[in-house]
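Worksheet: one structure, shown below.
The values are calculated or read from the model by the stated rules, or taken from the named source; none is laboratory data. Since we're looking at a predicted model, the values are computed, not measured. Note that each Cβ is placed from the backbone with ideal geometry, even for glycine, and that neighbours are counted across all protein chains shown. Side chains are part of the model used for accessible areas, which takes the heavy atoms of the whole protein and leaves out ligands, DNA and RNA. Shrake-Rupley method; radii C 1.70, N 1.55, O 1.52, S 1.80 Å.
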Amino acid sequence: MFQGLKIIIRRQKRLILIFLLTIFLPSVTLSIFGLIALRNEKYRFEQQFRDQQLEIIDSVKTEFNQQISELENELHSLVQTPSFINRDYREIYTLIENHLQKNPLSGQVFIAFNGNEPWFPPFRGGGSGYIPINVKGFSGQQKKILEQTENYEFSQKNYQGAITLLEELLKVTEDSNLRAQLLNHIARNHRKQKNYDKAIANYTNIIRNFPDSRTSSGSLLPVTVRLQLAECYLRSGLGEEALNETLQSFREIIRNSSNLSEDQLSAYVSLAGDKFSSIRDTYPEMISSDTTYVHDFKDLNLLYQKKVNKWKVISSLKEECIPDISLELLKDAEYGETAKRYSKTIGGEDFLILSFPIPDETEEMAQGIAGIKICNPFLEDSILTEIIRNAGWNADDSLTVTDMSGNVILGYETTSPNANRIALLFDENFPPWKIEVNGNQTRTFLFSAIFKSYYFWTILAMMAILGFGIVIIGRTISHEKEVLKLKSDFVSSVSHEFKTPITSIKALIERLLEGTVKDEARMKEYYSVISQDAEDLGHLVGNILDISKMEEGLEQYDFAETEFKGWLEGTVRKFFSRTTNRRYKIQTSITEPSIPLNIDKNAMKLAITNLLDNAVKYSSEDSEIRVSHEKQGNTLLVKIKDDGIGIPKNEQAKIFEKFYRGKSALDHSATGTGLGLTIVKQVVEAHGGKVQVESEPGEGSTFVILLPFST
Ligand code: ADP
């Protein structure tokens, strides 16, 4: 096998050399240069991508910083207002309320005047030094009467007596807060008498007519009154009313929570909660788990939780942040317009605080500090998200913002380590978060950039040319191998073809020379066999010579007008009379007495003879061979049909190739060279015609020669 390959390589030396020099070497060299260039391009693209990302991150940072600065400036101008300088609490309260309404980024404001507890507007409690609601108390005379009523109520249990006194006092009291408080006392005594209708009437009166009334401690009276009212309803068997009042009071507690201290808030909420439970115990069927009451109650509890969290934030600010910030800002007692951006992680949340010192009236000294704790959800979900979107960041998952503890605030966590990851901090490290861009984006960007690169396509083209060259060389080599095999098959079959008649001639001549053959008839028979063998040899040599002449284009055709019909029949008859004893039939559908056709008679005879030879060779001796000719338009068809072994479809295209011999032909062990049909094809084509085959294995074959003629 390698021997064959060596021969082929030797024979195709030039082709291989040309391939190496013109295709292989240039392609490989150019591809190597291309790859180097592509690598440089990759770096360039990476850099370009990095720059683009940095630009986007920069714009995000700038835009973000701007928003923070705006808030900072607002705080700055607030602390410089006369209200702050003069500690006008009421004014400050209004200013802060307005500020909070306009700036959802402001989560919590604090103000800490020197020497005072910090104040967290709108929360009024917490010992801020600001008591906004000034509730007028009872006068000395009124207080005396009140003491008497309390004596009736609590010591003597003389509720009616207490009611009469209170009603008299009510008549002479004008202040609405005090009136509401008296009504409350009256209702309480009615309740103690189990006179619920009257108690209900009084409580309802307070709610309707004194909605803003306060207790002596300043908290809203209707809130507690509603709970008492609910109790009365419950006692009177009016479950639904009781429930509505309880929920309503809960709502009002939440609504007014900024006016309450943390303890007051939780005390009121637990009162409302207890009432809700006792109603539920009394009317379980009314409050099944999916009624709107239950949902309302749950929602209110959630709101309460939020308030509790607010209080947590306030106490964290008070204990952990404000002292630090005060220390920093009030370092020098002198007032300076120094802002402080402060951040600290408390209980898993990053406290981001903007703060300023508050000047005193001389504007030379600082009299405290004011600050804003940024509202993280708003910062993350609105501000940052919006800025990132506006900066043109379209692949959300490629940008991640992580907080101080490494928690992802925006985007998705990227687990894969990537060299192309860019991580940046916010300006002034505020917030102290990291903005990261993961490298997956880079890869996509890189690929799309590389696909657009000229080098990439050059390399691809080079590879394609190389591949094409390799395919051609491969095909040439395999074709050569096939030819080599065919030739060796040819040599062996030709030698066999030669050997058989030569051996026979030699043997017969020896017998004749010995003089042992005396019988005249036998001698004649010997001579005729010798003559036949010699003719076969001649025929074989003729074929070989013809094909080589035809191949080299040396064959000279000698066309002459011939009466084809008669000539064909004569040629066929002669073939059969001389060579075989086979049955044959000649048929024609042509009615004209003569069809003149320009042919080279010798060449055409060779073609016809070769087809007849094959028909004889590849069919059984007792079968008939039929030759027919007919006219179809301007074409003359000569058909040679046998009932022999037939030709499989896949071989039909190949049988006209030089040296090709069919597999079943070889199995049939018929002698042959694989040249016959090649000659037929060459001759017929030289006459401007075509040769076709129709055949099925085992069903015989029909070869058709189609010759054009002009009428
Ligand atoms: P050869 O007959 O010497 O093998 P040819 O060129 O005449 O060479 O024919 C090529 C091949 O075509 C044969 O080997 C055989 O497989 C097939 N063939 C040609 N004529 C016939 C036929 N009449 N019947 C069956 N097979 C045929």
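One residue stands out in region 656-692 among those that are open to solvent by 30 Å² or more (accessible area, probe 1.4 Å) and under 24 Å from Phe564 (Cα atoms): the one that is farthest from the ligand (Cβ to nearest atom), namely Gly688.
Does Arg50 satisfy the condition of being basic (Lys, Arg) and free of Cβ contacts under 8 Å to residues at least 24 places away in the same chain? It would help to see each step written out before you state the result.
On the way: basic (Lys, Arg): yes; free of Cβ contacts under 8 Å to residues at least 24 places away in the same chain: no.
It is false that Arg50 is basic (Lys, Arg) and free of Cβ contacts under 8 Å to residues at least 24 places away in the same chain.
Confirm whether Asn256 is farther than 28 Å from Asn195 by Cβ, of a type in the set (S, T, N, Q) and without any contact (Cβ under 8 Å) to a residue 40 or more places away in the chain. Criteria met by Asn256.
Checking the stated criteria, Ile353 turns out not to satisfy the condition of being in a strand (DSSP E or B), in contact with a Leu (Cβ under 6 Å, 6 or more places away or on another chain) and crowded, with 20+ Cβ neighbours inside 10 Å.
Quick check: is even one residue across region 79-100 modelled with pLDDT under 85, in contact with a Phe, Trp or Tyr (Cβ under 9 Å, 6 or more places away or on another chain) and open to solvent by 80 Å² or more (accessible area, probe 1.4 Å)? For region 79-100, residues modelled with pLDDT under 85, in contact with a Phe, Trp or Tyr (Cβ under 9 Å, 6 or more places away or on another chain) and open to solvent by 80 Å² or more (accessible area, probe 1.4 Å): present.
Does Thr345 qualify as being surrounded by fewer than 19 Cβ atoms within 10 Å (Cβ to Cβ) and in a loop (DSSP other than H, G, I, E, B)? Can you show your working first?
Working: surrounded by fewer than 19 Cβ atoms within 10 Å (Cβ to Cβ): yes; in a loop (DSSP other than H, G, I, E, B): no.
No.
Can you name the residue in region 632-655 that is of a type outside the set (A, V, I, L, M) and surrounded by 17 or more Cβ atoms within 10 Å (Cβ to Cβ) and is also farthest from the ligand (Cβ to nearest atom) among such residues? So, considering only residues that are of a type outside the set (A, V, I, L, M) and surrounded by 17 or more Cβ atoms within 10 Å (Cβ to Cβ), the one farthest from the ligand (Cβ to nearest atom) is Lys639. Of the residues Lys605, Lys617, the single one that is over 60 Å from the mean Cα position of the chain (by Cα) and within 23 Å of Asp489 (Cα to Cα) is Lys617.
Taken over region 281-299, the criterion of being more than 43 Å from the chain's Cα centre (by Cα) and either hydrophobic (A, V, I, L, M, F, W, C) or open to solvent by 80 Å² or more (accessible area, probe 1.4 Å) (or both) is satisfied by Asp281, Glu285, Met286, Ile287, Ser289, Thr292, Val294, Phe297.
Quick check on region 586-620: of everything there that is of a type in the set (Val, Ile, Thr) and within 16 Å of the ligand (Cβ to nearest atom), which residue is least open to solvent (accessible area, probe 1.4 Å)?
So in region 586-620, the residues of a type in the set (Val, Ile, Thr) come out as 586, 588, 590-591, 595, 599, 608-609, 616.
Restricting the remaining residues to those that are within 16 Å of the ligand (Cβ to nearest atom) gives 608-609, 616.
Working: Ile608: 1, Thr609: 23, Val616: 29 Å².
Taking the candidates together, the pick is Ile608.
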